[in-house]
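Here's the structure we're looking at; comments come further down.
The values are calculated or read from the model by the stated rules, or taken from the named source; none is laboratory data. All of these numbers come straight from a predicted model, not from anything done at the bench. Note that each Cβ is placed from the backbone with ideal geometry, even for glycine, and that neighbours are counted across all protein chains shown.
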Amino acid sequence: MIASLEDLLEQHAWAALRISGADQTAWNGEIVEAGEGILGLAHWDGTLHLDREYILDPLRDLYDRAGEPRSEAELLRCREALVTLLHEQSHFLGPAGATQEAARAAFKLPGGRALEEGVAEAWAHDHLNDYLRELDIDKVAPGILHVRNEPSYAAFVPAVRLFAADLDRLSGAPDGETLDLLNRQTAEGQWHQAITRIYHSTQLPHLVPPDEAPAVRLHLEQALRSSFKALELYEPLPRGFAASRSQAATTRTLTFLHQELSTAERHYTPIPRPTRIHLSPSTAPNRLIPQTLSAPTAPVSDSPVPAGISTPTHRLSPADSRQAALHAFAGVSPPTACTPTPPAATTKPTTSAGASTSARGLER
């Protein structure tokens, strides 16, 4: 159980390491009083600088009056001190083998500071209650988990939140995963991780030739770095105005990002070659187009037909006509129509229906 300010300062860095999942902290174990105008500073040499009036004194009072009821204003003052402590410790977090020298060089590159500070502040506010529970501060200051304070870095935090949430959607990750990932990196690895997540959320790894992939990734990174660098223009503005400008600018940036990704995917998508099919002429019979059959001729007679006796004609029904056409195409004489046989005394034997009926199939 942490019972004093000294115990808290000894344990606070390890609590940040545990809840973040980072591999290491660059804090060297030393804490000094910050100079004028500085609330907190994670120095590149690993030293933590904290302001006495706004950070150290409220935290000392936290343990001097442990468990006592506090006003909302007092709880907010303590909470502000603790979120500053967590923010500065998040700057020290990094992957195994990360160095402060490399982090410092990357911090100076365009967009490095905006992303680093925005990530540290957004992540510290999102995970502050986890941090307080890890340090048992909720028992020392009852009610501190239920008050809320506004983030600093109003020019950067809205941009980082939009950017991280968009990367979560692109990659199908749970909400907050990208912010956690970036917080576990130093400035050296943050942009690399962000671009990797963007790139692999598209079809580009499957479309872009390996030797061209670095150039495509660099193009995306430079565009995003320039956009984040421009956020520094909003820092002197009042908090609300800076936040709204930051959000609007990042919305435009993300629209541009999606357009660039779509353009790159279209550029590298192979154009389908036209299909050419060469077939030999078919030897199968062509489909018949039914034709009108010629009417059968009247039977031949050597003598006039006696009065009162009708002259029979050979007519085919529609079904018989089609059958006749099929037989004609196949070279087979079609069947005769079923008609009454005329009286022998007045007519000569009739010829077959094939002699008096024709069917023509059109060949193509």
For this session: Identify the residue in the stretch 1-20 that is touching an Asp or Glu at 6+ places or on another chain (Cβ under 7 Å) and either of a type in the set (Asp, Glu) or in a loop (DSSP other than H, G, I, E, B) (or both) and, among all such residues, is farthest from Glu80 (Cα to Cα).
Result: Met1
For this session: Within the stretch 158-167, identify whether any single residue is acidic (Asp, Glu) and farther than 30 Å from Ile2 by Cβ, and answer yes or no.
Result: yes
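Matching residues to (1) of a type in the set (A, V, I, L, M, F, W, C); (2) under 42 Å from the mean Cα position of the chain (by Cα):
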position	(1), (2)
Arg18	no, yes
Thr25	no, yes
Leu41	yes, yes
His49	no, yes
Leu59	yes, no
Ala66	yes, no
Ala81	yes, yes
For this session: Identify, from the list Pro210, Pro214, Pro174, the residue that is surrounded by fewer than 18 Cβ atoms within 10 Å (Cβ to Cβ), of a type outside the set (Asp, Glu) and more than 28 Å from Ala102 (Cβ to Cβ).
Result: Pro174
Exercise. Among the helices (runs of 4 or more DSSP H) confined wholly to the stretch 102-208, which include 2 or more residues that are free of Cβ contacts under 8 Å to residues at least 40 places away in the same chain and farther than 18 Å from Ala230 by Cα?
Worked result: 128-134, 157-171, 177-183, 187-199, 204-207
Problem set entry | Leading residue by the ranking (modelled with the lowest pLDDT) among those in the stretch 240-277 that are polar (S, T, N, Q) and over 18 Å from Leu170 (Cα atoms) | Thr275
Exercise. Is it the case that Thr255 is under 19 Å from Pro209 (Cβ atoms) and not hydrophobic (A, V, I, L, M, F, W, C)?
Worked result: no
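Do you know which residues across the stretch 135-150 are farther than 14 Å from Val83 by Cβ and charged (D, E, K, R)?
The answer is Asp136, Asp138, Lys139.
Results for (1) exposed (fewer than 14 other Cβ atoms within 10 Å of the Cβ); (2) without any contact (Cβ under 8 Å) to a residue 40 or more places away in the chain, shown as yes or no for each residue.
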site: Arg225; (1), (2): no, no
site: Lys229; (1), (2): no, no
site: Leu237; (1), (2): no, no
site: Gly240; (1), (2): yes, no
site: Ala249; (1), (2): no, no
site: Phe256; (1), (2): yes, yes
Problem set entry | Counted residues, the stretch 1-33 - those being of a type in the set (D, E, K, R), in contact (Cβ under 8 Å) with a residue 60 or more places away in the chain and more than 16 Å from Gln185 (Cβ to Cβ) | 1
For this session: Tell me which residues, restricted to the stretch 33-53, are out of contact with any His (no Cβ under 8 Å at 6 or more places or on another chain), surrounded by fewer than 17 Cβ atoms within 10 Å (Cβ to Cβ) and either modelled with pLDDT of 95 or more or of a type in the set (A, V, I, L, M, F, W, C) (or both).
Result: Trp44, Asp45, Gly46, Thr47, Arg52, Glu53
Problem set entry | Scan of the stretch 29-65 for residues that are of a type outside the set (Val, Ile, Thr) and in a helix (DSSP H, G or I), ordered by number | Arg52, Glu53, Tyr54, Leu56, Asp57, Pro58, Leu59, Arg60, Asp61, Leu62, Tyr63, Asp64
For this session: Among the numbered conditions (1) in contact with a strand residue (DSSP E or B) (Cβ under 9 Å, 6 or more places away or on another chain); (2) outside any loop (DSSP other than H, G, I, E, B), tell me where Ala98 comes up short.
Result: (2)
Exercise. Quick one: which of Ile38, Ile55 is closer than 22 Å to Ala141 by Cα and not small (Gly, Ala, Ser)?
Worked result: Ile55
